[in-house]
Amino acid sequence: MKKLKLLKFIFLLIIFFVMFSSNASAKKLFPIPPIRVAVLPIINKTDEQPFFLDLVNKRFNNFLKNSNIELVPEKEVMEYLKRSGYDPEKKEFPSKDTLKYLAIMTNADDVIGLSLESVIREAPALLDVTYKLSAQVSVKTIEYERYKDDILTYDFREKGESSNAPYKGVSMEKAIINATDKVMDEALKSYVFSGFSNL
């Protein structure tokens, strides 16, 4: 009986390794071509300190580097946005017509954007001996899929806390960083191309 179970286990293990190795071989033989992506300039509706913007930029740039994408040069994106009449000072995502124009002119498969909507600070509750500080960060994402001629937009809101021992290492900056990390985790998952560009 034990031998039978052992043989079954070995058999399943062999099947797993065969499937895994064939899948890896297939990826080497037929690599997934990169997706060409135009990235809109990040919209910032907040009045936050540099550490917040640096954190967002770092997370966004790392995401773009780690994905199987070919980025449209920023200069090219800005040139065609300007030609389309888009005004970044309005702090709104471009219209569908502008996104479509940008995708066609830059030969992009996708156009993506990020908007930093708000950062809300929350003071500690009365008589809170932990001196807990919390912050809530809200962002929006947009993605235009050229071949579907479709726009996807999402809103994300996450809360972060700084709740160390009383008055020791507690800061609103920590709470904002925690909230930003959480909200960026969710926001970056929303881009459809990220579902297959990392295969």
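Every read-out reported here was derived from the displayed coordinates using simple, explicitly stated rules and does not represent laboratory data. Fair warning: this is a prediction, and the values are worked out from it, not measured in the lab. Cβ: placed from backbone, ideal geometry, glycine included. Neighbour counts: every protein chain shown.
Shown here for the range 64-166: GluC sites (Glu not before Pro) in loop regions (DSSP other than H, G, I, E, B) with at most 11 other Cβ atoms within 10 Å, of which there are none. Taking a Cβ cut-off of under 14 Å around Leu102, the surrounding Lys, Arg, Asp and Glu residues balance to a net charge of -2, with basic ones at +1 and acidic ones at -1.
Here, the range 51-152 is characterised by an Rg to Rh ratio of 1.12, where Rg is the alpha-carbon radius of gyration and Rh the Kirkwood radius. Checked against a 19 Å cut-off, the cross-linked pairs Lys45/Lys174; Lys100/Lys148; Lys58/Lys91; Lys96/Lys140; Lys58/Lys189 give Cα-Cα distances beyond that limit for Lys45/Lys174; Lys58/Lys91.
Positive contributions from Lys and Arg (+1) and negative ones from Asp and Glu (-1), summed over other residues with Cβ under 14 Å from the Cβ of Phe63, come out at -1.
Sparsely packed loop sites in the range 43-147 (the trypsin sites (Lys or Arg not before Pro) outside DSSP H, G, I, E and B with at most 15 other Cβ atoms within 10 Å) comprise Lys45, Lys91.
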